[in-house]
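Structure first, commentary second.
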Amino acid sequence: MSAAERRLLARETAISFALATSLAAVLLWATPPGIDWAAHAYQRTFLIEHGFTIWNNFWYAGRYSFVTYSLIYYPLAALFGIRVLALASIATAAAAFTLVVVRQWGPRARLSSRTFAVLWVGIVGSAASPLAFILLAIAGAGALLSRRSLRNVGTPVAAVVLAAAGELLLIRLFGGVGRFPFHLQQLLPALIFVGLGLAVTWGVTAARPLRGFFAIYLVVVVAAYVIPSGVGSNIDRVRYVALPLALICCTLRQWRPLWLVVPTLALAGVWNATPIADTLMKSTTDPEIAHAYWAPAIQYLHRNLSPSYRVEAVDTEEHWPALYLPEAGIPIVRGWYRQSDFPQNELLYDQHLTAASYDQWLRSLGVRYVVISDAAPDYSSQLEAQLIRSGRSGLVRVFTAPHVAVYQLPHATPIVTGPADASIDWLYPTRAVIEVGAPGTYRVALRWSPYWHTHAGCIAQGKDGMVRLHATHDGLVDLTFTLSVHRGLDALAGIKPDGSCG
């Protein structure tokens, strides 16, 4: 690389870094939080209060934390704060993108790199997540596909293989992740973008790496649509760099022919900007952001909710009940992680949701109270909110505040049921202290994990995915989530852990 090229690279990197940093700082400190802010805030608080605890009974009737999303994001967020980490991530991503594209294509990539620096401000990525690995692997595979020779590719291939092995290991150790929805209306724009990308890069020698990327991405998108998984429509996150990619492609083919270039840029721009605009529109100064908005309901639940029951908080667009209620020690049956809703809570997405099916769902999860607010409901909660407000849900309103109401399920079913009276004396993120009135097998509405353990009997996984506890005597039973090397090896080998029934 010549001195002039190095100066160009340094100048463009500095411009992108400064542009992204300044715009991100304004958005992060001068505008309302984004729609996922509440959930990230709770996960950060949970880590600070409980350490790197990978199980949490206060979301989704129990779920794995951190290991199914990101191993390093929340520790860094706990250390630096969400805003500072977001600022650093955005600025670093803008600089890294510039380094890659300007080094590869020189001055022709300047427009693309600067566009990326502006658009990426609307996105805060998560490090070390399965999706991040998949997108990185697609880019790497596309680059390899574009090469005329596969010599000297041992190191990048080995890195991808090791990273893939690590992801598969985590899946094996902490399986049970649901699926993320992927609808046809989400697939079609991705296919159109890939088709235009292949057309624009066709026959352009300098665009071979991009053509390889589009080819691999096409295969992965179709696979993500056909095969249900935790990835689902998340695979279309490439849309966040659609316009910068389109600008590089059009620049490399010298902006000709216009009949191909103009539609490519227009469609890429719309696909790229739509989710950013949607996020900014939903990030309002809605009063649900404040703790005071939820405080009356929290105070009521603290006075009336026993550890033997949960609360269903009708989710909002910005997910604030997923922060304030569990933060106050109130277990809720949902949260923010969409993959945990499928198939566990898929009923709420059903257009034919009825009072009977809703009642059965609440009872299966040990719900006694339902909290609903006047904030805009999440799309998955719109039918639920309509049913409750219609008066046909069978719930009884027991508390009303200016913005929040609490409903009670008559004769609610507790979390623990069985041949005798049973109750939960204490419920913690990784532990439940249960009191049973007689020996026997009890259903405990906690999600199954091979890391559950008790000394007062044995446990098994029920057909409904919940814990079955066989108590050998009456009295207290301590059910604990215990992670160890021994149990991890058992999970890898598919061996039933110690203390399992049968």
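All conditions in (1) assigned to a strand (DSSP E or B); (2) open to solvent by 40 Å² or more (accessible area, probe 1.4 Å) hold for R389, with the sole exception of (1). From the residues in region 242-273 that are free of Cβ contacts under 8 Å to residues at least 40 places away in the same chain and not hydrophobic (A, V, I, L, M, F, W, C), which one is nearest to W120 (Cα to Cα)? Within region 242-273, the match that is nearest to W120 (Cα to Cα) is G269.
The sole residue among A277, A273 that is in a helix (DSSP H, G or I), exposed (fewer than 14 other Cβ atoms within 10 Å of the Cβ), under 30 Å from the mean Cα position of the chain (by Cα) and among the small types (G, A, S) is A277.
I need the helices (runs of 4 or more DSSP H) fully contained in region 285-374, keeping only those with at least 3 residues that are farther than 13 Å from Y60 by Cβ and hydrophobic (A, V, I, L, M, F, W, C). Here the list reads 291-304, 355-364. Residues that are in contact with an Asp or Glu (Cβ under 6 Å, 6 or more places away or on another chain), over 18 Å from Q43 (Cα atoms) and of a type outside the set (A, V, I, L, M, F, W, C) do occur in region 383-397, at least one of them. Only residues that are acidic (D, E) and over 20 Å from the mean Cα position of the chain (by Cα) were counted across region 230-249, and they come to 0. For region 216-229, the criterion of being open to solvent by less than 40 Å² (accessible area, probe 1.4 Å), within 17 Å of the chain's Cα centre (by Cα) and modelled with pLDDT of 85 or more is met by at least one residue.
The residue that is surrounded by the fewest Cβ atoms within 10 Å (Cβ to Cβ), counting only those in region 14-35 that are within 16 Å of V84 (Cα to Cα) and under 20 Å from the mean Cα position of the chain (by Cα), is P33. Only residues that are of a type in the set (V, I, T), open to solvent by less than 30 Å² (accessible area, probe 1.4 Å) and either in contact with a His (Cβ under 9 Å, 6 or more places away or on another chain) or farther than 20 Å from R172 by Cα (or both) were counted in region 453-502, giving 3. Considering only residues in region 243-267 that are in a helix (DSSP H, G or I) and either in contact with a Pro (Cβ under 9 Å, 6 or more places away or on another chain) or among the polar types (S, T, N, Q) (or both), the one that is nearest to A199 (Cα to Cα) turns out to be T264. Listed by first and then second residue, the pairs with beta-carbon distance under 6 Å, at least 6 apart or on different chains, first residue in region 190-208 and among the aliphatic types (A, V, I, L, M), second at pLDDT below 95 and open to solvent by 20 Å² or more (accessible area, probe 1.4 Å), are V194/L218; V204/R253. Among the residues of region 396-411, none qualifies, meaning not one is free of Cβ contacts under 8 Å to residues at least 24 places away in the same chain, among the basic types (K, R) and in a helix (DSSP H, G or I).
The values are calculated or read from the model by the stated rules, or taken from the named source; none is laboratory data. These numbers were taken from a predicted model, which means no experiment stands behind them. FYI the Cβ positions are ideal-geometry reconstructions off the backbone, even for glycines, and counts take in every protein chain you see. SASA here: full protein model, heavy atoms, side chains in, ligands and nucleic acids out. Shrake-Rupley method; radii C 1.70, N 1.55, O 1.52, S 1.80 Å.
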